[in-house]
1. Would you mind working out the magnitude of the charge dipole of the range 7-81 relative to its Cα centre, with +1 at each Lys and Arg C-beta and -1 at each Asp and Glu C-beta, to the nearest 20 Debye?
2. Is the range 177-287 rounded, prolate or oblate when judged by the Cα gyration tensor, a ≥ b ≥ c being the square roots of its eigenvalues, rounded requiring a/c under 1.5 and prolate requiring a/b larger than b/c?
3. Give me the extension gain from His189 to Ala19: residue separation times 0.36 nm, minus the current Cα-Cα distance, reported in nm with one decimal.
4. In debye, nearest 20, what is the charge dipole magnitude of the range 184-287 about its Cα centre with +1 on Lys and Arg Cβ and -1 on Asp and Glu Cβ, if you could check?
5. So, with +1 on the Cβ of K and R and -1 on the Cβ of D and E, and no other charges, what is the size of the charge dipole of the chain about its Cα centre, to the nearest 20 debye?
6. Let me know the shape class of the chain, please: from the alpha-carbon gyration tensor, a ≥ b ≥ c as square roots of the eigenvalues, rounded when a/c is under 1.5, otherwise prolate if a/b is greater than b/c, or oblate.
7. Taking the Cα centre of each part, how many Å lie between the range 24-47 and the range 163-213?
8. Between Ala155, Ala256, Ile171, whose Cα lies farthest towards the positive end of the dipole of the chain when Lys and Arg beta carbons carry +1 and Asp and Glu beta carbons carry -1, centred on the Cα centre?
Amino acid sequence: MVHLPDKRQRAELFRQRMAGAMALSDTSRAALARAIGIDRSTISQILGAQDARLPGAHVVAGAAQALGVSADWLLGLTDRPEQAGQLLSTTLSISETGRATDVDDQIFAWHEEAKGYKIRHVPATLPDMLKTTAMIEWEYRPTFNQSPDSAIAVAEARLEWMRSTTSDYEIAIPFHELLALAEGSGYYHGLDPAVRRAQFDWLIEVYDQLYPTLRIFVFDARRVFSAPLTVFGPKIAAIYLGRFNVAFRDRDRVQALTRHFDWLIRESLSSARQVPELMAELRGRVP
């Protein structure tokens, strides 16, 4: 924020910013006057005045619209010149997603952008990068028109990224998801017990290889709840809606979702070190 001690300095800043925006957009005084609906002489008077008077609200609003800047910036109320719509487009984006689509390029780009920072993840089911080939093939069976090959390649690439990156990776999984996998209920109804046992074995093996760079926390969804989301360090936070990822880049929302994830960890049922024991116990429940 810009804090001006008196009206005269605020008026001078308005004149400087309007003149600068006109020069940057190559807008003449006559063109700006036509866009606002006032006389050219009024623009000359505004730019040349040396008193503390500011133009009326309709002139400020018209100049901001014509020059592609915000009225708040012209008035010295912010250091961000973008209009509200432009600010929104830079801080929030919605990208279509789906299994094995090109949107994975966007997800990888977010991972790369956050390299070196901690990545926090709440998956929709099991983490894709920790699924076995048999699990992915089973998930794709009902779709008929899609091949699991690309999804398998994506999962393998993400796992390889986790092996090679300098980023820590924290994953929070609700206990009922792992219990359903063990029992073959809910989402995993009809999944062969041998596939479920192999999935637990793979989770334990990969966790043993990557811990403590990879840390898994298990929480009770009856006490705490989370939608699927990923927080890419301090830079990006994305909420998964099924068909879309809604991504935020502004600091306040990223920090809010980071605090939400940290809350899940504080309420977790066991420490990250105890996860292999929990996985082994659940594997023992598979018939």
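1. 140
2. Prolate is the answer for the range 177-287, as a/c is 1.5 or above and a/b outweighs b/c.
3. 54.5 nm
4. Taking the Cα centre of the range 184-287 as origin, the dipole is about 360 debye.
5. Rounded to the nearest 20 debye, it is 1160 debye.
6. Since a/c reaches 1.5 and a/b is larger than b/c, the shape of the chain is classed as prolate.
7. Cα centres, the range 24-47 to the range 163-213: 64 Å.
8. So the residue we want is Ala256.
Throughout, read-outs are computed from the coordinates displayed, never taken from laboratory work. Note that the coordinates shown come from a computational prediction; the quantities given were computed from them, not determined experimentally. Every residue, glycine among them, receives a Cβ derived from its backbone with ideal geometry; neighbour counts consider all protein chains shown.
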